[in-house]
Each structure stands twice: as structure tokens, then as C-alpha cells.
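Here the structure is laid out as C-alpha cells; the discussion comes afterwards.
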Amino acid sequence: MNILEQHQEDAQKSLNDLLNRPLSEQSERIAENIKELLHLFAAQVEGVIQDLDHLKQLLREEVERLKNLDPLIGLHLYLDAQPNSHEIKNTHVGSYKLVKPKMKSLNDDLLGPKRADMFMEEIHALVRTIFPENQVTLSSYFKGGHYVVEIEKDNSEEIEKSMWIYRQRLAQFQETARVILHNHLSASLEETLQGKISEEGFHRKEKIEEYFAAPELTISFGIAQIEKRDGKKLSQTILNAERAANMAALRREAKECTDGEVLRRRVLQEFDLLYLFEELVKLRAELLLEYAKDPETWEGVFEVKGQEILMTGEAVAKYRSGILKLNEEQQAFFERYFKRINIIDVLKNYRESNYEMYSERIKRIVTLCKRAEQAINESNSIEEHRILLVEASEELETSVKDEGENLTGTFRRIVRGLTKPGKKLLVGADHIGFGGTNQQLYEIEVMKLIHFLGIRSFHAWLKFIDVESRKTDSSALRQFVKGQLTSLASEIQITRSMLSPGDKGSEILRDAEKKICKRFGETTILNGDGGDEVQILKHNVSEETYAEDIIKLTQNGLKLRVAGALFDATLEPIPDSDEAAPNTIEAINAISKILEWIDRMHEKIKLAGDEDEYRYAKAIAAK
């Protein structure tokens, strides 16, 4: 038996072992999600569920899921509900996200998926207490969320009051969040010591004790003022709030600042376009200085492309994996550089070129939410609630990232496909190196923003650099940026520039999905809602051809890490969420374990170095 055959035999053995074990914490979480979806599918069938109160509750939950598709949905609903006297200039969008520890660390090392979810649910609830009197939640996701808050801008006393209250409440929030995390870690450690977490116990115990030795929790906040109710302006406000949250970690402490306007922005953690451009221009100036010291010492970390100096893909990949080895001074500079590039890294469900299509879908979902909420409050028609559940589910089966081709689905679409009979192939594909590629693309976007200011050559940088001392002239830089921003004639151009970062990465992912569907056929079902990870479901696959289908995904330009399993389990809708048929439970458990196996195989392929012959793992689920 050769090494490749051994690799595939190990994959098969790994799936067999997993299928013969009780549900792990990860599989249990997946199974609960599938069970909930199957109950919703049953509610969409005429005559299956006749309890009106139950249907209203299900529809209410679906409306909340629709709002969580995109914060712009909740923002439209909020503004539409305001009276004519509402002052738009007082309305701010807020954003928050978990920075440290990383969500992956909470899931894999410290808490486990279920307890990590519980922790974030408590954080979402805690955020709602910061300004309970004038704050409305827009949406939440796995490591953060968005909200609206009203802040009086005309009255200086009100601004001072808001600043003082905001500072106090944010400080209290961080302290309470630390207590919440500490309690969950203590409970997780106790479960581990009691043996409830089995084989992962030693690893988790070690990681929790490491964390207790040097506890660190950072949840970053940012807000941005709404300028007008124009659709693109509202989208830009949301992105600006996220950028403000990114800025918050980079800004100096407010006590070091004496300028009143800047102080207010820092205390309120408000978006500041001038600060953004200052930081980006300074970032590139610092890179020129660092690189000029000794280019050879940066070999393999930065490279010259045309007239620009950019990070290498290898350096980005190593840094993201925590294995980039530099001397202390270089490591500190690269980390600072990397984080500043991430100022413009925000959540986006569209490309700027496809904004109109995205905007129309947002409006459609907003209308659906209003119709559903009206029915919940006013209608006693079982049929109307059922129809609305069907419409909501159709929207929730299509990712907001879809570009009008009904190609990019969600996990719900995968589960819907699993209700069809016959043998199926379920595949998980992960884009190798996409994180590094995407980071490089953000770096190029930073350069575009700087070019937008008119800095397009090395000589232009010399305005801000003292070559002998290798220091940036911050005062000259600040004055230049301020002058350029006030003199720029095209507001459309700057809006486009601020909406476009991340577009190239999205284009790469969408193009890959098209290639996957072309190779798998028209009936391919995709869940492309997970960033650079995609789930693929294909029906009517034979045991003779399934391996060939999997290998297709690693050839001809598709650099994917792939794991797939063939099985014949079929899911059934669950009319009573508390009493699923034994065969349905058996199918749910098997599929949940297959999905966990796919994740495990991806990690093993990573450890093998993503060599071409090891880039896929295949298995057949026991009959």
C-alpha cells in the first residue's frame, strides 16, 4: 500500500470511528440546528401544523433570522418606523466585535462550540444595556453585532453628558464581559475535570489554565453618524461603524489628546475619515522607511511589485498561523502593519459593482419583515402565516452574498437538499491560502485609497518623510490629508472607494463557486455563506464515481482542500419538534457526524502541508 492509499484508508477509518461514537459537542450542535430546520420545513406544509400561536412564534423567529442576514435590513426597518420629526443627524450606527480571545480559540480550545455560543448570547444581551433608553439592536452574528443609537449633536451639554455616560458604561461593559467569560471558563474547566469532555479534556484544561494565567478580553466598539437616508450612504455608515471599531484598538488613549473634536470622536469611538486616511498614509510611509533600512532583511516578508512594496503571500499565511519568525523589532513592525491594513476590513455582503441588485433584495426582505410582523400582530389566518413562513425560508436559503444567479446558498439549502431520497455526496471545500490572498488584496485597496489622495510616487512620500531620521512628519501629513479631503470634488468617487474594499476577494469566491457547479452539474447545491469554506451537496452519486467527483474539485485552477463522504441517509420534516421519528434522528446524527468528519479532515490535510496528492479525503458512510 502506497502513502496516498494509506491516507485515504485513514480517512475512511476516521469516519467509521466517528459514526460509531456518541455525538460529540460539535455534532450535537449541528444536529440541533438540522432538527430545528426540519421542524420549520414541516410548518411550511399545508395542514401539518394547525396551532396558530405556534406558527406565530415560528414566524417571529424567522423574522429575527431575516434581520440577521444584513444590518441594513434592520436599519431600514428602524428608520421607516421613525416619525417625520425624527432628526437623522442624531442617528448613529454602532458596531461591536470580539477581538481577543479569537472566536476560534473559544470554540476549539477554551469553551467548545455550545458554551462559546452561550457566552456570545450573553455579550449580545449585555450590549443592549449600554444605552437601553435610546438603543435598538439591528443584527448580531457569531462574534459581534450592530445597533442604532441616538446621540444629540446640537447641544454641547448633551454631547458632554453622552461622552461621560458612554465612557462609564463601556468601562462597566468590559468589566462585566470579563466576569461572564471567567464564569464560562470556570464551568468549562469543571466539566473537563469531571470527565464530561472526554479526549479533548487535557487540551482544554491546559488552554484554560494558560488563559487564567494571562487573561485578556477585548470587545471593540465603533459608531458612525448617518448623513442621509440614501441607500449607499446607509451602507457606508454601517461599514464606517465597523471601521471605527477597527480604529478603536489603534487610537491612542483619549487622555493624550487635547483637541475637543478629536477627543469626542475618540471617547465615543466614532468613525473619523481624516484619521483613517492619516493612518493609511502613515502606514505606507513607515513601510518605506523600514524597508529602506535593509531590504535584504525583509526578503520573503515584503516584495517589490512595480512601484509598490507589498507583503508576500507566504508571510501573510505564516503570520495568520502564528509561525512567522522575525526578530523582535521586525515582528512588532509587521504586526502593527498588518493590523493597520485591517482598518478597512469589514463585513460586506455585496460587491460595489453589484450594489443595485443587492439593494433591491434588501428592500424585498424589509417588505417581507413588515408583512410578517403585521400578520403576527393582526392576522388569525393559519394559511397566511404558512405562506409567509415559506417566503421567509426561501430568502433564508439564499445567501445575501448571492449575485442574482441563485447560486450561493446557505446551510438551510443544504438541509433542504438532504430531504430528497437517494445516495448523496456531501463535500466540504476550503480555499487554500485564501486568507493570505485576501489580505494582500486589502493591502492593494489601501494603496488605491492613498492614490485617491494624489500620492502616486516615491517623491510624493518625501513630503512626509525625514529621510535622515527616518521619521514621519505627522503635522505635514495631517495638513495634507485634511486639504485633500476638503478639496476633492467627487463625492461619488470617495463613496465608491469606501464601499469597494473586499470586492476582489468576493469575486474570487463567486467565480470558484461557478466552477464547482459547472463540474458537479446543474443540480449542485451550495452553501457559500461561510467565507472561504463552501459545502457542496450532489444527488444520485454512485459508489463507482464519487471519488472522481471529489478529485475534480482539486484540479484545473481550483486550489481547494476537499473532504467528501458518500451516504444514503434521507432527512424527513419533523411536525413535532419534540418527537422526531427514530430513523430521522438516526439520519440527523449520521449527517452531523459526517460534517464534523469533514472539518477534521481539513485539519489533517493542513498538517500534511496541502500537498497536491493529499488535498482530498474521501469516505463512504457505513450502510
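The table for this structure:
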item: Full-stretch length increase - ASP80, LYS448 - with 0.36 nm per residue and alpha-carbon distance subtracted; result: 128.9 nm
item: Efficiency of FRET from Cβ geometry, LYS205 and LYS233, R₀ 45 Å, rounded to 0.05; result: 0.35
item: The chain, dipole about Cα centre (Lys/Arg Cβ +1, Asp/Glu Cβ -1), debye to the nearest 20; result: 1220 debye
item: Residues TYR141 and SER474, FRET efficiency given R0 of 60 Å [Cβ-Cβ distance, rounded to 0.05]; result: 0.95
item: Solvent exposure of region 303-361 as accessible area per residue, Å², 1.4 Å probe; result: 53 Å²
item: Antiparallel bridges, percent of DSSP beta bridges restricted to the chain (to nearest 5); result: 85 percent
item: Correct option for P(r) over Cα pairs in 10 Å bins from 0, in percent [calculated from the coordinates] among (i) 3, 14, 22, 23, 17, 11, 7, 4, 1, 0, 0; (ii) 3, 16, 27, 28, 18, 7, 1, 0; (iii) 3, 14, 23, 27, 20, 9, 3, 0, 0; result: (iii)
item: Label point distance in nm, ILE323-GLN172, each placed 7 Å from Cα along Cα→Cβ; result: 4.7 nm
item: Radius of gyration, Dmax [region 507-605; alpha carbons; angstrom]; result: 15.2, 47
item: Stokes-Einstein D in µm²/s, Kirkwood radius over Cα pairs - region 370-411 at 10 °C with 1.306 mPa s viscosity; result: 138 µm²/s
item: Region 333-350 - phi-based ³J(HN,Hα) in whole Hz, Karplus 6.51/-1.76/1.60, Gly and Pro as x; result: 5, 4, 5, 5, 4, 4, 5, 5, 4, 6, 4, 8, 7, 9, 6, 9, 9, 7
item: Region 1-139: relative contact order in percent, alpha carbon pairs under 8 Å with at least 6 residues between; result: 32 percent
item: Distance (nanometres) between label positions extended 7 Å along Cα→Cβ at GLU308 and VAL45; result: 5.4 nm
item: Carbon + sulfur, % of accessible area of region 321-463 - ligands and nucleic acids excluded, 1.4 Å; result: 50 percent
item: Theoretical gain in end-to-end length, SER105 to LEU250 [0.36 nm per residue, Cα-Cα removed]; result: 50.0 nm
item: Linear extension gain, ASN134 paired with ASN380, 0.36 nm per residue minus alpha-carbon span; result: 85.3 nm
item: GLN555-ASN183 pseudo-label distance in nm [points 7 Å out on the Cα-to-Cβ vector]; result: 5.6 nm
item: Percent of C-alpha pairs per 10 Å bin, region 57-120, short to long; result: 16, 29, 32, 18, 5, 0
item: Largest-first ordering by accessible area, 1.4 Å probe, given options LEU52, LEU15; result: LEU52, LEU15
item: Contact order relative to length of the chain, as percent, for alpha carbon pairs under 8 angstrom and 6 or more apart; result: 21 percent
item: Portion, in percent, of the accessible area of region 532-580 that falls on carbon or sulfur, probe 1.4 Å; result: 38 percent
item: Centroid-to-centroid separation of region 41-85 and region 204-250 [C-alpha atoms, Å]; result: 27 Å
item: Area of ARG371 that stays accessible when all protein chains are in place (1.4 Å probe, Å², to 10); result: 100 Å²
item: Cross-link pairs beyond the 24 Å C-alpha cut-off, checked among LYS13/LYS423; LYS228/LYS448; LYS35/LYS604; result: LYS228/LYS448; LYS35/LYS604
item: Helix-only mean residue ellipticity at 222 nm for the chain, each DSSP H run of n ≥ 4 adding -39500 (n - 2.57), per residue, nearest 500; result: -18000 deg cm²/dmol
item: PHE302 long-range amide H proximity, modeled H, under 5 Å; result: THR312
item: Whichever aspartates and glutamates have a C-alpha closer than 15 Å to that of LYS318, once near sequence neighbours (fewer than 8 apart) are set aside; result: GLU299, GLU335, ASP610
item: Relative contact order for region 450-572, counting Cα pairs under 8 Å that sit 6 or more residues apart, in percent; result: 12 percent
item: C-alpha center-to-center spacing [region 399-470, region 529-546] in angstrom; result: 23 Å
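The values are calculated or read from the model by the stated rules, or taken from the named source; none is laboratory data. All values derive from a computational prediction rather than experimental measurement. Glycine also receives a Cβ, built like all others from the backbone with ideal geometry; neighbour counts cover every protein chain displayed. SASA here: full protein model, heavy atoms, side chains in, ligands and nucleic acids out. Shrake-Rupley method; radii C 1.70, N 1.55, O 1.52, S 1.80 Å.
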